[in-house]
């Protein structure tokens, strides 16, 4: 078969979504003409589409070597390198692509993604903003909205305005949609004896993902006599977590290949009472579905710690610690605030979590702080704060673990940042090698005390540290995202680890580092505090959750007449 015929057949199969079959033809074409640019491009893109990024790098590098002035090839290669854990190499190709094609929105977005992966959010945000300004795609604009959450110094008003601008730009045609009536005209009204609340959960993260750690215990604990659950699944990849979630849900709907209008129609057909967004402005969200108002009550929870900007989103879930009562809710976003009692979420620990170890500093090890928050959360304000802690606790060290931390450029950049604050590079260890969950949790065996990031605090990482007996110090801010730690620590009785100022943050670290007897006692009892408190009691939490959803629904849903 000729090269032209092989490529034609491969492209036909790609158009039909039959990627593995297309790949077989592309491999034949590569063997026939290894230096053909068209073959290299199609092979690289197909491997990327199959989520085989590491294999995609080689043909795309070959393409760039063959056609060095091909800007789009460099940008695609950057995507492959970024997906395979090589952000520095990816950023080099993005920079070259922007020199060849200045102002190109997709390349600017890739620049933002590279800088985010390297933890350089102050530089990433302008790139995301520039991409959003020139791109018609709502996802590109969402990435800019999300990126702003990581940057210190932005006001509540600014963050809300950014989200509202996204909604006005991308959801205006549906802004006047009225709420559909609850259920069918012949159905029993919600709240009537024997009625069940129909709850829909929408996400692309029904898989091994932080959202699943908090959703799974709730799905499993729902009272089938009180509610009926529907999962609207946007992810195409499935794993063992997907299987568990599917088993816990009453109904499972794959919307990954539906456009927003079709997905909204599917939800309307299911006559959902309360539709729950679990993504916000994170990857592969379906806020366009919510803009079309397929359910009488709509709210956002778990996956995104800020306003969506949608007027069609009735509520945002929080609690009194994340957003204290008495604040001007309009500053926090377009949604009304739905405060849950005690805490806004429930956490299920991994079944194979290792045992809590003794306090390492009591065995002669240097006092060790730890953070497993993403590099994007390690803002300039965070580095300055942690550096002051290290300066104030002599001979202490800091272990940072985050995806991308194994990148040599990232290690050099963070070492320079800490050095600028007077901390020797030898006192800060940055790593990022991926580990299975049990091995990841075992990292805390070498840590005495965890430090939270600011302004984007940890959620899963804080729960993991507490599970492993390691207290976390957090700095309370103004936003939900900067006060998540306040909520989680309050739930385990660690109010004394919540700082209201940077000076207090440092003082708490010094006090705990010196009082090792208290630290050892905390370590021995924290797991039990977590599991026996509101964070670790899924049935009690879910009953509160169901009550809150029913109340929210009845406040906003029109009565069927």
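The values are calculated or read from the model by the stated rules, or taken from the named source; none is laboratory data. Computed from a predicted structure; not experimentally measured. No Cβ is skipped: glycine too gets one built from the backbone with ideal geometry, and neighbour counts run over all protein chains shown.
Among the residues of the stretch 393-408, those that are surrounded by fewer than 17 Cβ atoms within 10 Å (Cβ to Cβ) and touching a residue at least 40 places away in the same chain (Cβ under 8 Å) comprise 403, 406, 408.
Looking only at the stretch 490-503, residues that are surrounded by fewer than 15 Cβ atoms within 10 Å (Cβ to Cβ) and either assigned to a loop (DSSP other than H, G, I, E, B) or touching a residue at least 12 places away in the same chain (Cβ under 8 Å) (or both) come to 4 in all.
For the stretch 64-85, the criterion of being out of contact with any helix residue (DSSP H, G or I) (no Cβ under 8 Å at 6 or more places or on another chain) and in contact (Cβ under 8 Å) with a residue 24 or more places away in the chain is met by at least one residue.
Set side by side, the residues 472, 437, 429 differ, and just one is under 17 Å from residue 530 (Cβ atoms) and surrounded by fewer than 21 Cβ atoms within 10 Å (Cβ to Cβ), which is 437. Within the stretch 327-353, residues that are assigned to a strand (DSSP E or B) have Cβ atoms under 8 Å from residues that are modelled with pLDDT under 95 in these pairs: 336/329; 337/329; 339/325, counting only partners at least 6 apart in sequence or on another chain. Scanning the stretch 240-273 for residues that are more than 26 Å from residue 288 (Cβ to Cβ) and surrounded by 14 or more Cβ atoms within 10 Å (Cβ to Cβ) turns up 244, 248. When the stretch 520-561 is filtered for residues that are surrounded by fewer than 20 Cβ atoms within 10 Å (Cβ to Cβ), in contact with a strand residue (DSSP E or B) (Cβ under 7 Å, 6 or more places away or on another chain) and over 22 Å from residue 221 (Cβ atoms), only 556 remains.
For the stretch 538-548, the condition of being part of a loop (DSSP other than H, G, I, E, B) and in contact (Cβ under 8 Å) with a residue 12 or more places away in the chain holds for none of the residues. Among the residues of the stretch 195-220, the ones that are over 12 Å from residue 303 (Cβ atoms) and not in a loop (DSSP other than H, G, I, E, B) come to 9 in all.
Residues that are surrounded by fewer than 21 Cβ atoms within 10 Å (Cβ to Cβ) and farther than 22 Å from residue 477 by Cα within the stretch 366-392 comprise 366, 368, 391, 392, listed in sequence order. Look at (1) at pLDDT 95 or above; (2) touching a helix residue (DSSP H, G or I) at 6+ places or on another chain (Cβ under 7 Å); (3) not in a loop (DSSP other than H, G, I, E, B) and you find that residue 223 fails only one, number (3). Does residue 512 meet the test of being outside the structural domain of residue 297 (by TED's automatic domain parsing) and touching a strand residue (DSSP E or B) at 6+ places or on another chain (Cβ under 7 Å)? When the stated conditions are applied, residue 512 passes them.
For the condition surrounded by fewer than 24 Cβ atoms within 10 Å (Cβ to Cβ) and outside any helix (DSSP H, G or I), residue 179 qualifies.
Comparison of 158, 122 shows that the only residue that is free of Cβ contacts under 8 Å to residues at least 12 places away in the same chain, surrounded by fewer than 23 Cβ atoms within 10 Å (Cβ to Cβ) and not assigned by TED's automatic domain parsing to the domain that holds residue 293 is 158.
Put simply, of 493, 485, 525 the only residue that is at positive phi and either assigned by TED's automatic domain parsing to the domain that holds residue 217 or modelled with pLDDT of 95 or more (or both) is 493. So which residues in the stretch 38-61 are free of Cβ contacts under 8 Å to residues at least 24 places away in the same chain and out of contact with any helix residue (DSSP H, G or I) (no Cβ under 7 Å at 6 or more places or on another chain)? 52, 58 - these are the residues of the stretch 38-61 that are free of Cβ contacts under 8 Å to residues at least 24 places away in the same chain and out of contact with any helix residue (DSSP H, G or I) (no Cβ under 7 Å at 6 or more places or on another chain). Every condition in (1) without any contact (Cβ under 8 Å) to a residue 60 or more places away in the chain; (2) touching a helix residue (DSSP H, G or I) at 6+ places or on another chain (Cβ under 8 Å); (3) closer than 25 Å to residue 533 by Cα holds for residue 477 except the one numbered (2). Taking the stretch 402-418 as the range and being on the phi < 0 side of the Ramachandran plot and in contact with a helix residue (DSSP H, G or I) (Cβ under 6 Å, 6 or more places away or on another chain) as the test, the residues that pass are 402, 407, 409, 415, 417, 418. Given the structure, is residue 302 in a helix (DSSP H, G or I) and in contact (Cβ under 8 Å) with a residue 40 or more places away in the chain? Taking the combined requirement at face value, the residue does not satisfy it.
Filtered by the rule that a residue be without any contact (Cβ under 8 Å) to a residue 24 or more places away in the chain and either assigned to a helix (DSSP H, G or I) or surrounded by 14 or more Cβ atoms within 10 Å (Cβ to Cβ) (or both), the stretch 1-30 gives 4, 5, 8, 9, 12, 13, 15, 21, 24, 25, 26, 27.
Every listed requirement among (1) surrounded by fewer than 18 Cβ atoms within 10 Å (Cβ to Cβ); (2) modelled with pLDDT of 95 or more is met by residue 33 save one, (2).
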